[in-house]
Amino acid sequence: MPACLLRGHDEYHHFDLQPRPQVDFGAIEMQRHDATFRAYIESFYEQLDEAERDLPKEAAAGMVY
């Protein structure tokens, strides 16, 4: 997942670091935000699908999203 490092050093490299915004709500910043949000949503639904595969069918039958 993308992240913006606010302070310190990234010693573990768990995230794709993005540069700090230069302009509040600038075009480049908004594009970066949209791409990050899409990656988050895709990851969320991928994890949801994996979790639902492990559920018994009776348990998942009433779930609505």
Long-range neighbours under 8 Å by Cβ, at least six apart or interchain, first residue among the acidic types (D, E) within the range 9-30, second surrounded by 10 or more Cβ atoms within 10 Å (Cβ to Cβ) and part of a loop (DSSP other than H, G, I, E, B): E29/P21
What are the residues in the range 22-44 that are open to solvent by 50 Å² or more (accessible area, probe 1.4 Å), under 18 Å from L6 (Cβ atoms) and in a helix (DSSP H, G or I), if any? R32, H33
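The values are calculated or read from the model by the stated rules, or taken from the named source; none is laboratory data. Only a predicted model underlies this, so the values are computations on that prediction, with no experimental measurement involved. Quick reminder, even Gly has a Cβ in these numbers, built from the backbone with ideal geometry, and neighbours come from all protein chains shown. Accessible surface is based on the protein model in full, side chains and every heavy atom, while ligands, DNA and RNA are left aside. Shrake-Rupley method; radii C 1.70, N 1.55, O 1.52, S 1.80 Å.
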